[in-house]
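The values are calculated or read from the model by the stated rules, or taken from the named source; none is laboratory data. Note that the structure is predicted; figures quoted are calculated from it, not measured. Counting neighbours? That spans all protein chains shown, and the Cβs are built from the backbone with ideal geometry, glycine included. What goes into the accessible areas is simple: the full protein's heavy atoms, side chains included, and nothing from ligands, DNA or RNA. Shrake-Rupley method; radii C 1.70, N 1.55, O 1.52, S 1.80 Å.
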Amino acid sequence: MACQKTLFEKQILDLYDQISKLKSLKPSENVDTLFGQLMSTCLPTETNIDVKKMCPKVQAIRTNLVKLRSEVEGYSEQHFSTILGSLEDNPLHHLDLYPYYTNYLKLSKVEFDLLTQHTSHVPTKIAFIGSGSMPLTSIVLAKFHLPNTTFHNIEIDPQANSLASCLVSRDPDLSNRMIFHTTDILDATEILRDFDVVFLASLVGVDKEAKVKVIEHLENHMAPQSLLILRSARGLRSFLYVDVDPCDLKGFEVLAIYHPSMSDGFVNSVMVARKLND
């Protein structure tokens, strides 16, 4: 195990050194290659490596890597959303042009299954916080799983919301069921009490402190007994996304935690929690 840990630390430090020297994080062959290597390095689930026991230098770069990957993901979504939005017909007919579309299909199916296990009724209104330029979770859930539900996408970046809105504007169904709010989630208060279910994207809060601050805000303003579904990461995957621990969900009852296997085809763990009564 010591050898495995040493090898991983060396790989991560080497990748971080190369990534930190990149002049731009926008889609390019070099960016795609390096972040593809980062993903492959962090994907193994069957490992006894304890992230918390790694050397201080590796611990220090973990948050930086999450932030850098967040930027890369944002640029990638912006790039593909622009391409899809420029097509002559309905962009939603061509979502498979996005490289990770299949991953979203699988992840959204897991999240929908977890949702149905912990609610007695079909939600009429769902909020997705941090929907970005490619609000694929909302789109997939609306198209394939929740055909009568309205989705409110809450995003801080006006350009991302503009691109996202363009994606659904030519779809007769989703153009009526997808609503976009441009605001910082920490400024959203009363509106949060309107939702049966709130999804929190993995890249909202790219360090532990910021993530917990958002969760505390949701605890203060979500409706009692509503559900929070959020994405986390376990083990080595916490070099890609922030690892949320059940103890971070104060004011919520954690109902389920799903950790993906290598065969699932996606990276994130999924947590479902119920907001306790005020």
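One line per residue, one yes/no per condition, for (1) in contact with a helix residue (DSSP H, G or I) (Cβ under 9 Å, 6 or more places away or on another chain); (2) farther than 24 Å from I61 by Cβ:
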| residue | (1), (2) |
| --- | --- |
| R193 | yes, yes |
| D196 | no, yes |
| L200 | yes, yes |
| V206 | yes, no |
| Q225 | no, yes |
| L228 | yes, yes |
| L240 | yes, no |
| V244 | yes, no |
| F252 | yes, yes |
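Quick one: count up the residues across region 103-141 that are among the β-branched types (V, I, T), closer than 23 Å to F80 by Cβ and either open to solvent by 40 Å² or more (accessible area, probe 1.4 Å) or in a loop (DSSP other than H, G, I, E, B) (or both).
We begin by selecting, within region 103-141, every residue among the β-branched types (V, I, T); these are 110, 116, 119, 122, 124, 126, 129, 137, 139-140.
Restricting the remaining residues to those that are closer than 23 Å to F80 by Cβ gives 110, 129, 137, 139-140.
Among the residues that remain, those that are also either open to solvent by 40 Å² or more (accessible area, probe 1.4 Å) or in a loop (DSSP other than H, G, I, E, B) (or both) are: none.
Total satisfying the criteria: 0.
Restricting to region 19-56, what's the tally of residues that are more than 25 Å from the chain's Cα centre (by Cα) and in a helix (DSSP H, G or I)? Give the derivation first.
Of the residues in region 19-56, the ones more than 25 Å from the chain's Cα centre (by Cα) are 21, 23, 48, 53-56.
Among the residues that remain, those that are also in a helix (DSSP H, G or I) are: 53, 56.
Qualifying residue count, region 19-56: 2.
Scanning region 88-102 for residues that are open to solvent by less than 50 Å² (accessible area, probe 1.4 Å), closer than 19 Å to D173 by Cα and either assigned to a loop (DSSP other than H, G, I, E, B) or touching a residue at least 60 places away in the same chain (Cβ under 8 Å) (or both) turns up N90, P91, L92. Looking across region 42-63, just one residue is polar (S, T, N, Q), within 16 Å of D207 (Cβ to Cβ) and touching a residue at least 60 places away in the same chain (Cβ under 8 Å), and that is T63. When the criteria are applied in full, G235 meets the requirement of being at positive phi and under 19 Å from the mean Cα position of the chain (by Cα).
Between S232, S263, S226, S269, the distinction of being loosely packed, with under 15 Cβ neighbours inside 10 Å and either touching an Asp or Glu at 6+ places or on another chain (Cβ under 9 Å) or closer than 20 Å to L43 by Cβ (or both) belongs to S263 only. Screening the candidates Q37, Q78 for the property of being open to solvent by 70 Å² or more (accessible area, probe 1.4 Å) and not hydrophobic (A, V, I, L, M, F, W, C) yields one hit, Q37. Working only within region 113-138, note down all residues that are over 21 Å from I215 (Cα atoms) and touching a helix residue (DSSP H, G or I) at 6+ places or on another chain (Cβ under 6 Å). S133, M134, L136, listed by residue number.
Conditions tested, residue by residue: (1) open to solvent by 40 Å² or more (accessible area, probe 1.4 Å); (2) assigned to a strand (DSSP E or B); (3) at pLDDT 95 or above.
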residue	(1), (2), (3)
F180	yes, yes, yes
F199	no, yes, yes
V206	no, no, no
V214	no, no, yes
L236	no, no, no
I257	yes, yes, yes
A273	no, yes, yes
